[in-house]
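A.B. asks: Take this structure, written in structure tokens, and hold onto it; I'll ask about it next.
The values are calculated or read from the model by the stated rules, or taken from the named source; none is laboratory data. As the structure is a prediction and not an experimental result, all values here were calculated from the model. Virtual Cβ from ideal backbone geometry, glycine too; neighbours counted across all protein chains shown. Only protein heavy atoms, including side chains, enter the accessible area calculation; ligands, DNA and RNA are left aside. Shrake-Rupley method; radii C 1.70, N 1.55, O 1.52, S 1.80 Å.
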Amino acid sequence: MKHTENRVSDIQIAYIGGGSRGWAWGLMSDLAVEPSLSGTIKLYDIDHEAAYKNQVIGNKLTAKETSVGKWTYEAVDSLKEALTGADFVIISILPGTLEEMKSDVHTPETYGIYQSVGDTVGPGGFVRALRTIPMFEEIGSAIKNYSPKAWVINYTNPMTICVRTLYETFPDIKAFGCCHEVFGTQKLLIEMLGEEKGIKNIKREDIKVNVLGINHFTWLTKATYKDLNLMPIYKEFVSKYHKTGYLKAQDDNWLNNYFTSGNRVKFDLFDKYSSIAAAGDRHLAEFMPPWYLVSPETANDWHFTLTPVSWRIKNRQELIEKSNRLYEGQEEMELKETGEDGVKQIKALLGLSDLITNVNLPNTGQIPNLPLGAVVETNALFTAGQLHPVQAGPLPSNILPLINRHVANQENLIKAYREKDRQGLINTFRNDPLINLSPKDSLSLFETMTDNTKSYLPDWILK
């Protein structure tokens, strides 16, 4: 890399999952509007054709006169080629295919278990994790061999399992996981201030929050805007909208958008636990007993919907068609900031700025009443060549048991996998709050789901 005043050039980024038609395009756009960075991005994907199309799309974008960040995109054939010489590694992969995800999400429905996402916890998140661990062991080993000093940014779910596996595989890795769910809650607090206090034109970064928990099950114990304590205002806001839900006027109705909700789950959890649940309702619902997921109708009563994998398959086809249009020049990529923090994190680590934002890291005491080493989500300070988790304090005693159960499951899942302990995996599977089944039925579900994804699993897991 070459450092000059307020600018760093010749940065080398390895993008694992470089054929992505979502995160990759967003990163391209964020880099194109950032004038202080430039360099080369090597795109690696098991679907080389998709990575090559992104090479063409990225180079077209950077050639625009309006692109102030200049990057060269190159599709490569191997992890070694992507990682060698990398300063940063970005991981954004789909563990398996949507056919496996169809089983993750919909097979449990035959046992009356419904999932709104199915990629983090619940039976779907568990089986997805079984596919993910060996992939991240391979990635972690490759980083150790070819780019051991690189900063590693993970966007793949299940986030906690991914980051934990990287550290188990390569303890000296400099990896962290990024998720935008907290950002959505900050934006909700901005809407609240506009409605309740008439305060307008607030940026998300102006809402200061204390973040603690685990990915997709994060909580805010403090929230302020300037010198204004937002917690009592939020309490009034929840009281006002607990039953009806709340949506911005410009939002799609939750019935017409799988990724929108009326925030009723979030409000209900505040009403019960007195802290702000800081993820989307679709994720939060899956961490709890099936209060909100008894049936699709129950989810609708709580103003969110279950995301069917058939929609994801249809959406994937639409993105493939868009990729072809961008590749062939029939459509141009829109140049805009996505609101993600990835490029800001890179700038801070390169010494161009400081940044505090929420990330997933092994617990070194930032949440003192959760196990050391477990991956937790808190704020962290990014500064030149360093990343320091912010001390978030202990989880409130009424929330701690909810999170401890999932932390134990995540730790036990990885332990059982590494020790090739099939019974340990089955016991952990049964301990998920959504899996309220008899031992016989839970074993049957485990065996059916693992058989449906057997091409990604070692033989010792299978019946």
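A.B. asks: Take the range 308-333 and flag every residue that is part of a loop (DSSP other than H, G, I, E, B) and over 22 Å from the mean Cα position of the chain (by Cα).
C.D. replies: Passing the criteria: G329, Q330, E331, E332, M333.
A.B. asks: Checking the condition in contact (Cβ under 8 Å) with a residue 12 or more places away in the chain and within 26 Å of N436 (Cα to Cα), which residue from S78, S67, S103 passes?
C.D. replies: Criteria check complete, one pass: S103.
A.B. asks: Mind listing whichever residues of the range 1-51 are acidic (D, E) and touching a strand residue (DSSP E or B) at 6+ places or on another chain (Cβ under 7 Å)?
C.D. replies: D10
A.B. asks: Could you check how many residues of the range 281-307 are part of a loop (DSSP other than H, G, I, E, B) and under 16 Å from G245 (Cα atoms)?
C.D. replies: 5
A.B. asks: Cβ-Cβ distance below 6 Å, separation of 6 or more or different chains: which pairs start in the range 136-165 with a residue that is farther than 26 Å from E181 by Cα and among the hydrophobic types (A, V, I, L, M, F, W, C) and end on one that is assigned to a helix (DSSP H, G or I) and open to solvent by 10 Å² or more (accessible area, probe 1.4 Å)?
C.D. replies: Close Cβ pairs satisfying both conditions: A142/L79.
A.B. asks: Which of the residues that make up the range 439-463 are under 19 Å from V121 (Cα atoms), assigned to a loop (DSSP other than H, G, I, E, B) and of a type outside the set (V, I, T)?
C.D. replies: L457
A.B. asks: Right, something else. Looking at the structure I just gave you, is K322 among the basic types (K, R) and open to solvent by 80 Å² or more (accessible area, probe 1.4 Å)?
C.D. replies: It is false that K322 is among the basic types (K, R) and open to solvent by 80 Å² or more (accessible area, probe 1.4 Å).
A.B. asks: Kindly indicate whether H406 is open to solvent by less than 50 Å² (accessible area, probe 1.4 Å) and modelled with pLDDT of 95 or more.
C.D. replies: yes
A.B. asks: Does the range 238-260 include one or more residues that are among the charged types (D, E, K, R), over 30 Å from S20 (Cβ atoms), part of a loop (DSSP other than H, G, I, E, B) and open to solvent by 30 Å² or more (accessible area, probe 1.4 Å)?
C.D. replies: Yes, the range 238-260 contains a residue that is among the charged types (D, E, K, R), over 30 Å from S20 (Cβ atoms), part of a loop (DSSP other than H, G, I, E, B) and open to solvent by 30 Å² or more (accessible area, probe 1.4 Å).
A.B. asks: I'm checking my understanding of the structure. Among residues of the range 361-378 that are farther than 16 Å from K174 by Cα and surrounded by 20 or more Cβ atoms within 10 Å (Cβ to Cβ), which one is nearest to the chain's Cα centre (by Cα)?
C.D. replies: Across the range 361-378, the extreme among qualifying residues is T378.
A.B. asks: Go through the range 379-401 and give me each residue that's touching a residue at least 60 places away in the same chain (Cβ under 8 Å), open to solvent by less than 40 Å² (accessible area, probe 1.4 Å) and farther than 30 Å from K347 by Cα.
C.D. replies: Passing the criteria: L395, P396, I399.
A.B. asks: Turning to a different aspect of this structure: Find all pairs meeting these conditions: Cβ atoms under 7 angstrom apart; at least six residues apart or on different chains; first residue within the range 222-233 and under 12 Å from L189 (Cβ atoms) and free of Cβ contacts under 8 Å to residues at least 40 places away in the same chain; second residue surrounded by 11 or more Cβ atoms within 10 Å (Cβ to Cβ) and of a type in the set (S, T, N, Q).
C.D. replies: Filtered contacts from the range 222-233: K222/N210.
A.B. asks: Please verify whether L27 is within 22 Å of I139 (Cα to Cα), in a helix (DSSP H, G or I) and under 21 Å from the mean Cα position of the chain (by Cα), treating the condition exactly as stated.
C.D. replies: yes
A.B. asks: Restricting the range 56-95 to residues that are of a type in the set (D, E) and in contact with a helix residue (DSSP H, G or I) (Cβ under 7 Å, 6 or more places away or on another chain), which is surrounded by the fewest Cβ atoms within 10 Å (Cβ to Cβ)?
C.D. replies: Within the range 56-95, the match that is surrounded by the fewest Cβ atoms within 10 Å (Cβ to Cβ) is D77.
A.B. asks: Separate question: Tell me yes or no: at least one residue of the range 329-343 is modelled with pLDDT of 95 or more, in contact with a Lys or Arg (Cβ under 7 Å, 6 or more places away or on another chain), within 29 Å of K222 (Cα to Cα) and not polar (S, T, N, Q).
C.D. replies: Looking for residues that are modelled with pLDDT of 95 or more, in contact with a Lys or Arg (Cβ under 7 Å, 6 or more places away or on another chain), within 29 Å of K222 (Cα to Cα) and not polar (S, T, N, Q), one finds none in the range 329-343, hence no.
A.B. asks: Test each condition in (1) outside any loop (DSSP other than H, G, I, E, B); (2) open to solvent by less than 40 Å² (accessible area, probe 1.4 Å); (3) touching a Lys or Arg at 6+ places or on another chain (Cβ under 8 Å) for E34 and report the one that comes out false.
C.D. replies: For E34, the failing item is (1).
A.B. asks: Scanning for something open to solvent by 50 Å² or more (accessible area, probe 1.4 Å), part of a strand (DSSP E or B) and at pLDDT 95 or above, does the range 183-206 turn up at least one residue?
C.D. replies: no
A.B. asks: Only residues in the range 330-352 that are within 19 Å of V182 (Cβ to Cβ) and open to solvent by 40 Å² or more (accessible area, probe 1.4 Å) count as the first member; pair them with residues that are assigned to a loop (DSSP other than H, G, I, E, B) and of a type in the set (A, V, I, L, M), Cβ under 7 angstrom, at least 6 apart or cross-chain, and list the lot.
C.D. replies: From the range 330-352, the pairs are E337/V33.
A.B. asks: Condition first: closer than 26 Å to I199 by Cβ and of a type in the set (K, R). Can you find one or more residues in the range 302-315 that meet it?
C.D. replies: no
A.B. asks: Can I ask one more? State whether one or more residues within the range 38-54 are among the basic types (K, R), over 19 Å from D341 (Cβ atoms), at pLDDT 95 or above and surrounded by fewer than 21 Cβ atoms within 10 Å (Cβ to Cβ).
C.D. replies: For the range 38-54, residues among the basic types (K, R), over 19 Å from D341 (Cβ atoms), at pLDDT 95 or above and surrounded by fewer than 21 Cβ atoms within 10 Å (Cβ to Cβ): absent.
A.B. asks: Determine whether the range 208-220 contains at least one residue that is open to solvent by 20 Å² or more (accessible area, probe 1.4 Å), touching a residue at least 12 places away in the same chain (Cβ under 8 Å) and over 22 Å from L402 (Cα atoms).
C.D. replies: Yes, some residue in the range 208-220 is open to solvent by 20 Å² or more (accessible area, probe 1.4 Å), touching a residue at least 12 places away in the same chain (Cβ under 8 Å) and over 22 Å from L402 (Cα atoms).
A.B. asks: Turning to a different aspect of this structure: In the list E65, E74, which residue meets the criterion of being within 30 Å of R7 (Cα to Cα), outside any loop (DSSP other than H, G, I, E, B) and acidic (D, E)?
C.D. replies: Criteria check complete, one pass: E74.
A.B. asks: Counting only residues that are of a type in the set (V, I, T), outside any loop (DSSP other than H, G, I, E, B) and closer than 18 Å to Y292 by Cβ, how many does the range 105-147 have?
C.D. replies: Within the range 105-147, residues that are of a type in the set (V, I, T), outside any loop (DSSP other than H, G, I, E, B) and closer than 18 Å to Y292 by Cβ number 1.
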